[in-house]
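Taking it in order: structure first as structure tokens, then the write-up.
Taken together, the values in this text are just the output of simple stated rules run on the coordinates, not laboratory data. None of these values were measured; they are calculated from a predicted model. Neighbour counts run over all protein chains shown; Cβ positions are idealised from the backbone, glycine included.
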Amino acid sequence: MKLRQIAHARAGDKGSIVNISLIAFDETDYPLLVEKVTGEKVSGLFEPLIMQPVERYCVPSLGALNFVLHRAPTESVTRSLNLDAHGKGLSFVLLNMEVDIDRD
């Protein structure tokens with residue numbers, strides 16, 4: 001299942017730091033996000049784009065996870081020649097991630 005089926009995302013960036021929040025549509029799916037969307041998995045997803053492991057913060061009161069990604073200073077939105085390096089573009093990459101969820 002794609003994450004976009006059970007969650008939406010918000011993102012922002014300042015310089016070389018990107019924040020991506022992953023928010024469950026239904027609060028009952030939040031524990032699944034906590035279990036299945038680890039910092040390690042997100043680090044692997046963005047490995048070519050980041051300099052260090054992704055930091056993950058759990059926000060149970062909002063049913064959300066917040067991920068902090070660190071890019072090279074030359075890869076910040078205002079300094080990169082890459083197409084759409086904005087955080088909002090990266091949030092769609094996260095929402096397209098496959099997770100193995102048993103709905104029984």
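Label separation (residue 57 vs residue 5): 3.0 nm, computed from points 7 Å beyond Cα along the C-beta direction.
If you wrap a convex hull around the alpha carbons of region 1-72, what volume per residue comes out, as a whole number of Å³? Let's see the in-between values first.
Details: hull volume 5.8 nm³, N = 72.
Given the Cα convex hull of region 1-72, per-residue volume reads 80 Å³.
Report the full-extension gain for the segment residue 99 to residue 34: residue separation times 0.36 nm, less the Cα-Cα distance, to one decimal in nm.
On the way: separation 65, 0.36 × 65 = 23.40 nm, distance 1.17 nm.
Working it through step by step, the gained length comes to 22.2 nm.
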